[in-house]
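Here you go, one structure.
The values are calculated or read from the model by the stated rules, or taken from the named source; none is laboratory data. Computed from a prediction, not measured in an experiment: that's the story for all the values here. Quick reminder, even Gly has a Cβ in these numbers, built from the backbone with ideal geometry, and neighbours come from all protein chains shown. Ligands, DNA and RNA are excluded from the accessible area calculation, which covers all protein heavy atoms including side chains. Shrake-Rupley method; radii C 1.70, N 1.55, O 1.52, S 1.80 Å.
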Amino acid sequence: MVIDAAREFPSDSWQAHKALIVGNAMMDAFIEGNGSQESIIKARKIAQEYIGTKVDSPDVYKTKGEPIVFATGHCHIDTCWLWPFAETKRKVARSWSTQCDLMERYPEFRFTCSSAQQFKWLEEGYPYAFDRVKTWVKKGSFQPIGGSWVEHDTNLPSGESLVRQFLYGQRYFESRFGNRCTTFWLPDTFGYSSQIPQLCRLAGMTRFFTQKLSWNNINNFPHTTFNWVALDGSQVICHMPPSETYTAEAHFGDVKRSITQHKSMDQDNTSLLVFGKGDGGGGPTFEHIEKLRRQRGMSDTVGLLPRVTIGGSVDDFFATLEKKAVGGTKFVTWYGELYFELHRGTYTTQSNNKRNNRKGEFLLREVELLATLASLRSSSYKYPKKEIDNMWEPVLLCQFHDCLPGSAIRLCYDESDAFYAEVFRIGAKVRNEAMKALGFENKESGSDGKLVALNTLPWPRSEIVRMENPGASSSSSQYALVSGGTGVMKVEPLSSTQSASLYVKEIETGVFELRNDSLVLKVEKGVITSLFDVKAKREVIAKGGKANQFVIFDDKPLYWQAWDVEVYHLDSRKELTSTETKIAEQSPYRVSVVTQTKISDKSWAKTTISLSAETKDSMPMVEMDCEVEWQETMKFLKVEFPVDIRNTEASYESQFGITRRPTHYNTT
């Protein structure tokens, strides 16, 4: 600590000069005593001139003067990343047991820990260690935080999944420790949905902690402590530690940066310092705690270094901020999403894992709806709460911020594949049981063969669907108009007469025209060269543009290939040329053309472009179905749809809302 002061304090300050003198005196004593125990004791005595006499006990924090840096121990354990989920269970047991040992040795030590899933693993696999943790939780030294099942991604999960993260997390914390969390703890996730403040409020949390935006590679996030407002106006108070880490080593520089990098000094000068070895676990060690004692002693003895303290909680820190806000401190306000300017490539990585997540979310919604309806219809039907919990928990687990985005190793995805397979197995069983209770059992052959459709969505639907005829050969098919609101829908078989308004034909060599009542499109070599809106009487494709155009880019980021995509990749754009297009389907209610595109000697894409006959309630649309064989490395495949629409912003669906983002490069 003394040598740090000599090196990092201003060279023209008396504190730096005195640190050099004291440091030299300590070395002289050590050398003179040949490194003996007595020489070490003498050197420590000399150090007291600079760091004070109370650094060997928690009494060092009982001196006068207000601290402005509030330190808390933390052990960030990625639920999976460079290790599988199974290894995380062992990391939790080892790391948290170490923290309990430190609590016995250092009365002032406080440890903050998130993720209900990790607590549950400890409870089930290491009950003795869990009982020990509960003892320290009651004493206030071991502090559960976060309120969510895991430290999850917030951009990819559905809105219902975000709700369930809080529901399952808060339910667990309250059932085991008697309290719900009031601070949402998410230090390492790759961006934050605009709806997080609203969901936090609904889950009983008024505070939010992160630090990941300090990693932005273009714009520095401008605030340390601020109010964050969701689309509906819900607000939480947010703090991002100016030390810019959740794994601080409690060095001199960490404490110093807690003030020198503070961006909200005009409103409040306090900050959190989150220390302890992390990502792979470990947490604080005795060295961290001893260093903090010495730095507090240094602040009280020579000044200049921000005064640090330990012994409170993260909730205490936020409660003080809230009290200041009530008292008139006007913290700045940030509206909408907290966009993370890094790791953008995670939204194109591990597509199978992302598909499984969405399939799991869809299945759970359907199962819960059908099970609820079955409970209302049949008194003998038992709502499958246990089975549904056993589905939700692994889905929520796999939404961890290194699993769902695709930034973990393959072993993690081998495990997640098995988790999802079990979710789908349970879901199919529960759904079948609910359908049976609702009276929708599968009919044996020889019955009347009456068709039934069930709408599980909360809005009316009207669609023409193609169904295989069980009474005919496998190559035969029939069409039906299915319409209705939530529940049982009306199914009206349709004739096989060709509609005059729906057709596909080759109007020139290699050029195909597809038409229905609302749209006319021309397709040549797999790309749409014209899309005419009949009702609006306008061309949709930009002049000279080609929709459904496959393009390929180099994918060579500066650092992490699975994580990042850099803006310069746009300079490597290369159009892919398709082979000839041919008619794939020409039925009474659907017409299609199909095209094959060669990507390389090993990779290809096959695209089917279709128009369907319309109903009075259907929305006009062109369907593109694409099958891709992808064997490339360090390449991006994209598909372009240039439209003749000018707007300075685009609207994107997010959980329970719409996020608008610019379409221009006026600013960064």
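Which trypsin sites (Lys or Arg not before Pro) from region 572-619 combine a DSSP loop assignment with at most 10 other Cβ atoms within 10 Å?
Working: sites: 573, 574, 582, 590, 598, 602, 606, 616; in loops: 573, 602, 616.
Qualifying residues, ordered by number: 602, 616.
Still on this structure: With Cβ to Cβ distances under 15 Å as the rule, what net charge do the other residues near residue 619 carry (K, R +1; D, E -1)?
Working: positive: 461, 535, 616; negative: 463, 517, 533, 614, 617, 623.
Local net charge: -3.
Given the chain, what percent of its DSSP beta bridges are antiparallel, to the nearest 5?
On the way: 81 of 105 bridges.
Looking only at bridges with both residues in the chain, the antiparallel portion is about 75 percent.
Moving on to the next point. For a protection proxy built on the mean count of beta-carbon atoms within 10 angstrom, sort 231-243, 89-101 highest first, please.
Numbers: 231-243: 20.9, 89-101: 19.4.
Ranked from most to least packed, the peptides come out as 231-243, 89-101.
Given 148, 319, 507, which one lies farthest toward the positive end of the charge dipole of the chain, if we put +1 on the Cβ of every Lys and Arg and -1 on the Cβ of every Asp and Glu?
319
Given that just one value was derived from the coordinates, which of (i) 28.0; (ii) 41.5; (iii) 38.3 is mean projected area of the Cα convex hull in nm²?
Matching the structure shown: (iii).
Hey, can you grab everything whose amide H is under 5 Å from the amide H of residue 584? Only 5+ residues off in sequence or another chain; H modelled, so Pro and N-termini drop out.
592, 593, 594
With only alpha-carbon atoms in the gyration tensor, what are the semi-axes of the equivalent ellipsoid for region 74-133, in Å, largest first?
Numbers: eigenvalues 82, 34, 17 Å².
Equivalent-ellipsoid dimensions as semi-axes: 20, 13, 9 Å.
Report the local net charge at residue 103: Lys and Arg +1, Asp and Glu -1, summed over other residues whose C-beta lies under 14 Å from its C-beta.
Numbers: positive: 105, 110, 132, 134, 138, 139; negative: 101, 104, 108.
With Lys, Arg at +1 and Asp, Glu at -1, the net is +3.
Now, a different point. May I ask you to work out the translational diffusion coefficient for region 488-541 at 10 °C, viscosity 1.306 mPa s, via Stokes-Einstein with Rh from the Kirkwood sum over Cα pairs, reported in whole µm²/s?
Estimated diffusion coefficient is 123 µm²/s.
How charged is the neighbourhood of residue 664? Take every other residue with its Cβ under 12 Å from the Cβ of residue 664, and add Lys/Arg as +1 and Asp/Glu as -1.
Values: positive: 646, 661; negative: 649.
Net charge around residue 664: +1.
So what J values fall out for region 210-226 if you push phi through Karplus, 6.51 cos²θ - 1.76 cosθ + 1.60 with θ = phi - 60°, rounded to Hz, Gly and Pro as x?
In residue order, the calculated couplings are 7, 8, 5, 5, 5, 8, 3, 9, 10, 10, 6, 5, x, 10, 9, 10, 7 Hz.
How about region 507-561: which trypsin sites (Lys or Arg not before Pro) there are in a DSSP loop, with at most 13 other Cβ atoms within 10 Å of their Cβ?
Numbers: sites: 515, 522, 525, 535, 537, 538, 543, 546; in loops: 525, 535, 537, 543, 546.
Counting only loop positions with at most 13 other Cβ atoms within 10 Å, the trypsin sites (Lys or Arg not before Pro) in region 507-561 are 535, 537, 543.
Right, next: Just the Cα atoms of region 1-142, one point each, no solvent: what log10 I(q)/I(0) does Debye give at q = 0.19 Å⁻¹?
-1.04
Report the charge-dipole magnitude of region 601-668 in Debye, nearest 20, computed about the Cα centre from +1 at each Lys and Arg Cβ and -1 at each Asp and Glu Cβ. Provide the component values of the computation, followed by the final result.
On the way: 8 positive and 12 negative charges, 67 e Å.
Value, rounded to 20: 320 debye.
Hey, got the dipole for region 353-433? About the Cα centre, +1 on K and R Cβ, -1 on D and E Cβ, debye to the nearest 20?
In debye, rounded to 20, region 353-433 gives about 340.
Which one, 86, 3, 14, projects farthest toward the positive side of the charge dipole computed for region 1-116 from Cβ point charges (K/R +1, D/E -1)?
86
Right, here's the next one. Could you pull out the trypsin sites (Lys or Arg not before Pro) across region 264-368 that fall in loop regions by DSSP (anything but H, G, I, E, B) with no more than 14 other Cβ atoms inside 10 Å?
Working: sites: 277, 291, 293, 294, 296, 307, 323, 324, 330, 344, 354, 355, 358, 359, 365; in loops: 307, 330.
Taking region 264-368 and a limit of 14 other Cβ atoms within 10 Å, the loop trypsin sites (Lys or Arg not before Pro) found are 330.
Per 0.36 nm of contour for each residue apart, how much would the distance between residue 440 and residue 411 grow if the chain were fully extended, relative to their Cα-Cα spacing? Spell out each step's value before the answer.
Working: separation 29, 0.36 × 29 = 10.44 nm, distance 4.02 nm.
So the chain would gain 6.4 nm between residue 440 and residue 411.
May I pose another question? Give the ranking of 660, 461 by solvent-accessible surface, highest area first, calculated with a 1.4 Å probe. Provide the component values of the computation, followed by the final result.
Numbers: 660 145, 461 75 Å².
My answer, sorted largest first, is 660, 461.
Between residue 517 and residue 123, what's the calculated FRET efficiency when r is the beta-carbon distance and R0 is 56 Å? Round to 0.05. Let's see the in-between values first.
Details: r = 61 Å, r/R0 = 1.08.
Efficiency, rounded to the nearest 0.05: 0.40.
To the nearest 20 Debye, how big is the dipole of the chain about its Cα centre, given +1 on the beta carbon of each Lys and Arg and -1 on that of each Asp and Glu? Intermediate results must be reported in sequence, preceding the final value.
Working: 81 positive and 83 negative charges, 238 e Å.
Result for the chain is approximately 1140 debye, rounded to the nearest 20.
While we're here: Positive end of the charge dipole of region 161-272 (Lys, Arg +1 and Asp, Glu -1 on Cβ, about the Cα centre): tell me which of 239, 269, 250 has its Cα farthest that way.
239
Sticking with this structure for a sec: Dividing the alpha-carbon radius of gyration of region 10-57 by 2.2 N^0.38 Å (N being the number of residues), what value is obtained? If you can, show how the numbers build up before the last one.
Details: Rg = 11.8 Å, N = 48, 2.2 N^0.38 = 9.6 Å.
Against the empirical 2.2 N^0.38 Å value, I get 1.23 for region 10-57.
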